[in-house]
Amino acid sequence: MRRRSFLKNSIPAAAILPALVDGYTVKAFHAHSPLMQALMNPAIETDHVLVIIQLSGGNDGLNMVIPISTYGDYFNARSNVAIAQNKILKLDGYANTGLHPAMTGMQALYNQKKLNIVQSVGYPQPNFSHFRATDIWMSGSDADQVVNTGWAGRYLNTEYPNFPDGYPNTTMPDPLAIQIGSIASLTLQGPAINMGMSITNPTSFYNLINNVLDPAPNTPMGHELTYIRTIANQTNAFAQRIIAAAMAVPQQGAYPQDNSLADQLKIVARLVKGGLKTRIYMVGMGGFDTHSSQVESADTSIGFHASLLKELSDAVKAFMDDCQFLGIQDRVMGLTFSEFGRRIKSNSSMGTDHGAAAPMFIFGAKAVQGVTGTNPTIPGGASVNDNIPHQYDFRSIYASILERWFCVPPTTLQTILFKNFQSLNIVDNKACTGVTDDPNQSAGEQLITNYPNPFTTTTTIKFKTKGKHTLIQIIDMLGRVIQTPIDKEYTQSGEFTVDFNSGALPSGVYYARLQNEQTQQVRPMLKVR
Amino acid sequence: MDRRDFLTARRKKAPAILSAQNFRTQSGLTPYVGPWTRNEVQHLLKRTMFGSTKADIDYFAARTLDQAINELLNPVAALPAPPLNDYSEDVPDPGAPAGTTWVNNVSENDDINEGRRFSFKHWWAGVMLNQDRSIREKITLFWADHFGTETYTINLGHFIYRHNNLLRTGGLGNFKTLVKNVTTDPGMLIYLNGFLNSASAPDENYARELMELFTLGKGPTVAYTEDDVRKAARILTGWRINPTTALTTFDPAKHDSNNKTFSSYFGGATITGQTGVNGELETDDLINMIFSKDEVSKYICRSIYRWFVYYTLDAAAEANVIEPLAAIFRTSNYDIKPVLSALFKSEHFFDVLNQGCMIKSPVDQIVGCMREWKVAFPPVASEYQDTYNMWGYISDWMGTMGQDIGDPPNVSGWPAYYQEPSFHEIWINHDTLPKRNQFTDSMIMSGFTRNMKKIIIDPIPFTLALPNAGDPNALLSDTLAVIYRVPLSDTVKQNLKQSILLSGQTQDYYWTNAWNAYVADPTNMSTAAIITNRLKSLYQYLMNLSEYQLS
């Protein structure tokens, strides 16, 4: 994210720090910071925050965002699960499309101009495996590519290229991203080659959060376990930052009960308001794999899927209301995604099978109200093989958010997403007006850079070694080592250069990885024609 | 009856040896006859070796407890081949060409010896990484801690190696013999100035440590005097090193041949001064006199206890374990194996209260981690330079985490084994704990690459060796049964399974299908990535939990 020039910034990028807050696992990209800094630096935070809501299992988008204009085809394709036309929730000024009757919260957000609905988001050659499709969405790869980094992780790597050397520095002591509700997410994985160097310490949160973790027994083992947990907790000043942030917010708006997503979003609002400079929060809910009994046969507007959509809708509405209450609504933008939608045609078990494209919600006070795209085309007499083709590539959503909300310039965008994607008017693009400065690029200790970047054929890599064995590898976006320009002993420390001649290699993203004994740093480079 | 209830009940009957901490135990050296399951095997292996691989556990689970301990205490594998010259790119060594061993070549050149010192450390890390199924490597490190020497001070490579070899070959033999051999070992003679000790100018350095650190220890019942130290120093005068042969010699001209009379602690004993070559016999007399004190056996048994059981030695452990163990030590005339055997076969060793409470030393953490995950190193036979580079990377990490093998902080060894009251907790601090995490993170995420060779934790071979990796519940339990000593609750395991292996899904078959797809076509990049990403996340997470630091 580009910052406004009057704001200083620096963010530790890398460590995965799974832990638990209020019973939810929290995963954060963090670095250490003194407790005192947390307590003495309650600066007013003005930067942008993105909340990513993962709907695990493959959400039935067709019953969530319902095509009113082609209702007949919709009903015929899935009569046993179709929502009755008279129950569909209307959108102000947009008659073609409506929402599932359980989503009164989302309807209200739309009507309050805080919601954009993007139709039929997917990608070419969709994959129908939960795991593989999830990895595609999280990595931002093509369907036939295996990329082991996450789109948000790569974004962080371009913004904070020197991490973790010289981090934390005084300007940004907080986790870069926090994940609540799950332990592992490829989304937040930076280039694997440089993310492994930071501290991963789930234990540090155990004492902080007071539940779910196995208590240490009153035995010598328990005694030592408690000791190690205590050190871990103290070591991780990030935990102290979170406590301080949480403590700084005595009152929040109302959230629905027995709603796990709401519980997670409540933590997010609290941490944002509490002053954490964290940019990305990941939350999630599961259960969308509705192969059977998706609806009640007597009334298709209720049932299991309806409960899920109500949970989602109520939670997001409560969250946005709370953001308004807390005065942070102009800083928060959110999106929902699921690994795939479901089949157009329902099955005979009152459910739907794995499908392809599905709608996404983009919510926030700065979301552009509207429905992006048109209702999906539903063939008359849909067969079991019919899927919704994508109108928008999911990476267009990422690109639009990065560009319009985090103010990422075009070449960097291409470095993160490997290609250029269509920019969509889903976020108020005035968000980036006046953003010029880029202090993050020089924050920390720069060990490896290249110039020019982007480059056409040859670029010069400049690197620092502390002496001893030093390695520079050129790695492609799929993680393959393409060249090893440096692999030798240095008798003393110093700054050196080496040219990378890309020859006939295709244009695209390449990473220069520096390994100097126990230190690593990765520099993304963009080859253009 | 719950074991601890039982112990509490017993405690009421025997208040005289009440534990200092309420969670300590009264159990003693009575042979253990309880369950002998993979749990007990794993406990035994984590304590006697560096890490417990699944293959190791399989192997010993197929044996009885007695068989297992007897095998662990009686190594049959050949001694490791000696260290090779891996430094000739930096320093040519005419006495030992690249790729050959330098241990039989005497060189006084500082640059060459620096190369040899590091070669030795790389080699030692490699020996531990390639340990056989015995206690040999752990007991070698134990003695290296007990007889603390520093390669930096000894400096001469051939003496460094010979000292280490002495500990490895004698570490399971007779302790009294070991003390005698260490006393006249060239490395030790250099390290504690024994080779300068002369009748005209006695040097007390070795005499003091011989009593204070190597045999008697310190404490309320150990009452040797400063004068005893001086007398012992005079007895030890005359030991020299022949610079040509690099062998220890005795120089009668430097020996103090007066009689030496000791304090009442030694019963006022007089060691008769000897002249000529017989002067060296006084050293045997001195060692015999020291070993006449029961404190020697107790002191050594306490050290063994702190290395292999736990560091808290309360009155109960003293009475129920140390005293009888020391008696065994004396009865066996200071043979080491009977002591280890009695300890490892005891109720006390297998007491649940003594399981999972050992904070791993850096060596234990690193070597155990590499072994348990089956990290593949380049073969030393064909690629010694690459192998030594990797071993060097590993030994560097040991130093980074606070255990620089070959160079403990001083003659006392590593503080984790003697520094009251923290002991093993000293290994874990605000500097070293993040480094432990950094090490495991980097080993599983990116590994270490040099000269086109790479060491990395590949989660696949480990997982393939599990009996039922297609079942995510079994995968997790079976993994924990190799790498963890601290049990995780079902709740935590379910969370890990669902969050990581199932990517948030609730049905186990999603993992099963993904795993089966991989097994059916291991060359498919896409299915392999699905499996690898999730396993890496899981294993990385497990290695970052505090539980992983305990064995």
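The table below lists the values:
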| read-out | value |
| --- | --- |
| Cross-chain or 6+ apart pairs with Cβ under 7 Å, the stretch A:129-151 first and more than 9 Å from chain B (Cβ to nearest Cβ), then of a type in the set (D, E, K, R) | A:ALA133/A:GLU339; A:TRP137/A:GLU339; A:GLY140/A:ARG395 |
| The stretch B:157-183 - residue that is within 18 Å of B:SER119 (Cα to Cα) and among the charged types (D, E, K, R) and, of those, nearest to the chain's Cα centre (by Cα) | B:ARG168 |
| Search result, residues across the stretch A:498-527 that are within 14 Å of chain B (Cβ to nearest Cβ) and within 18 Å of A:TYR451 (Cα to Cα) | A:TYR511, A:ALA512, A:ARG513, A:LEU514, A:GLN521, A:VAL522 |
| Residue identified as closer than 26 Å to B:LEU501 by Cβ, in a loop (DSSP other than H, G, I, E, B) and touching a helix residue (DSSP H, G or I) at 6+ places or on another chain (Cβ under 9 Å) among B:GLY356, B:GLY402, B:GLY368, B:GLY406 | B:GLY356 |
| So B:GLY194, is it small (Gly, Ala, Ser), farther than 28 Å from B:ASP86 by Cβ and within 18 Å of the chain's Cα centre (by Cα) | no |
| Some residue of the stretch B:366-376 being of a type in the set (A, V, I, L, M), within 14 Å of another protein chain (Cβ to nearest Cβ), touching a residue at least 24 places away in the same chain (Cβ under 8 Å) and crowded, with 23+ Cβ neighbours inside 10 Å | yes |
| Those residues of the stretch B:253-298 which are among the aromatic types (Phe, Trp, Tyr) and in the same structural domain as B:LYS218 (by TED's automatic domain parsing), in sequence order | B:PHE262, B:TYR265, B:PHE266 |
| Filter pass, B:ILE457 being within 31 Å of the chain's Cα centre (by Cα) and either among the β-branched types (Val, Ile, Thr) or not in a helix (DSSP H, G or I) (or both) | yes |
| Given (1) facing chain A (nearest Cβ under 9 Å); (2) modelled with pLDDT of 95 or more, index of the condition B:LYS435 fails | (2) |
| Given (1) in contact with a Pro (Cβ under 7 Å, 6 or more places away or on another chain); (2) surrounded by 17 or more Cβ atoms within 10 Å (Cβ to Cβ); (3) not aromatic (Phe, Trp, Tyr), number of the condition A:ALA246 does not satisfy | (1) |
| Which numbered condition B:MET452 misses (of (1) in contact (Cβ under 8 Å) with a residue 40 or more places away in the chain; (2) surrounded by fewer than 23 Cβ atoms within 10 Å (Cβ to Cβ); (3) at the interface with chain A (Cβ under 8 Å from one of its Cβ atoms)) | (1) |
| Filter result for B:GLU71 (more than 19 Å from the chain's Cα centre (by Cα), at pLDDT 95 or above, among the charged types (D, E, K, R) and not in a loop (DSSP other than H, G, I, E, B)) | no |
| Subset of the stretch B:473-487 (residues that are within 14 Å of chain A (Cβ to nearest Cβ) and in a helix (DSSP H, G or I)) | B:LEU476, B:LEU480 |
| Candidates B:GLN494, B:GLN507, B:GLN540 - the one that is within 8 Å of chain A (Cβ to nearest Cβ) and in a helix (DSSP H, G or I) | B:GLN540 |
| Residues that are farther than 23 Å from A:VAL295 by Cα and either under 19 Å from the mean Cα position of the chain (by Cα) or among the small types (Gly, Ala, Ser) (or both), drawn from the stretch A:90-116 | A:GLY93, A:ALA95, A:ALA108, A:LEU115, A:ASN116 |
| Residue in the stretch B:337-351 that is touching a Ser or Thr at 6+ places or on another chain (Cβ under 8 Å), free of Cβ contacts under 8 Å to residues at least 12 places away in the same chain and under 29 Å from B:LEU213 (Cα atoms) present | yes |
| Residue among B:PRO415, B:PRO379 that is surrounded by fewer than 20 Cβ atoms within 10 Å (Cβ to Cβ), more than 10 Å from chain A (Cβ to nearest Cβ) and in contact with a Pro (Cβ under 9 Å, 6 or more places away or on another chain) | B:PRO415 |
| Residue tally, condition touching a Ser or Thr at 6+ places or on another chain (Cβ under 9 Å) and either among the aromatic types (Phe, Trp, Tyr) or part of a helix (DSSP H, G or I) (or both), over the stretch B:227-252 | 7 |
| Residue in the stretch A:331-354 that is under 26 Å from A:ALA244 (Cα atoms), surrounded by fewer than 24 Cβ atoms within 10 Å (Cβ to Cβ) and assigned by TED's automatic domain parsing to the domain that holds A:GLU159 present | yes |
| Residue count for the stretch A:99-113, restricted to those that are among the charged types (D, E, K, R) and either in contact with a Cys (Cβ under 9 Å, 6 or more places away or on another chain) or buried (at least 24 other Cβ atoms within 10 Å of the Cβ) (or both) | 0 |
| Residue match in the stretch B:467-477 (condition: in contact (Cβ under 8 Å) with a residue 60 or more places away in the chain and under 24 Å from B:ARG47 (Cα atoms)) | yes |
| Residue within the stretch B:295-313 that is more than 14 Å from chain A (Cβ to nearest Cβ), part of a helix (DSSP H, G or I) and over 24 Å from the mean Cα position of the chain (by Cα) present | no |
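Residues are listed down the side, and each one gets a yes or a no for (1) in contact (Cβ under 8 Å) with a residue 24 or more places away in the chain; (2) not in a loop (DSSP other than H, G, I, E, B):
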residue	(1), (2)
B:PRO378	yes, no
B:GLU383	yes, yes
B:SER395	yes, yes
B:PRO421	no, no
B:GLU425	yes, yes
B:PRO434	no, yes
B:PHE439	yes, yes
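Residues checked against (1) buried (at least 20 other Cβ atoms within 10 Å of the Cβ); (2) farther than 28 Å from B:PRO378 by Cα:
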position	(1), (2)
B:ALA96	yes, no
B:GLY99	no, no
B:GLY115	yes, no
B:SER119	yes, no
B:ASN155	no, yes
B:THR183	yes, yes
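So that you can scan it fast, the table gives a plain yes or no per residue for (1) facing chain A (nearest Cβ under 10 Å); (2) closer than 19 Å to B:ALA529 by Cα; (3) among the polar types (S, T, N, Q):
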| site | (1), (2), (3) |
| --- | --- |
| B:PHE439 | yes, no, no |
| B:ILE444 | yes, yes, no |
| B:PRO459 | no, yes, no |
| B:PRO467 | no, no, no |
| B:ASP471 | no, yes, no |
| B:SER489 | yes, no, yes |
| B:TRP515 | no, yes, no |
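Conditions (1) closer than 17 Å to B:SER346 by Cα; (2) surrounded by 18 or more Cβ atoms within 10 Å (Cβ to Cβ), marked per residue:
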| site | (1), (2) |
| --- | --- |
| B:SER263 | no, no |
| B:ILE271 | no, yes |
| B:THR283 | no, yes |
| B:ILE287 | no, yes |
| B:ASP294 | no, no |
| B:ARG302 | yes, yes |
| B:TRP307 | yes, yes |
| B:LEU313 | yes, yes |
| B:ALA316 | yes, yes |
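The values are calculated or read from the model by the stated rules, or taken from the named source; none is laboratory data. For clarity, every value in this text was computed on a predicted model and none was experimentally measured. No Cβ is skipped: glycine too gets one built from the backbone with ideal geometry, and neighbour counts run over all protein chains shown.
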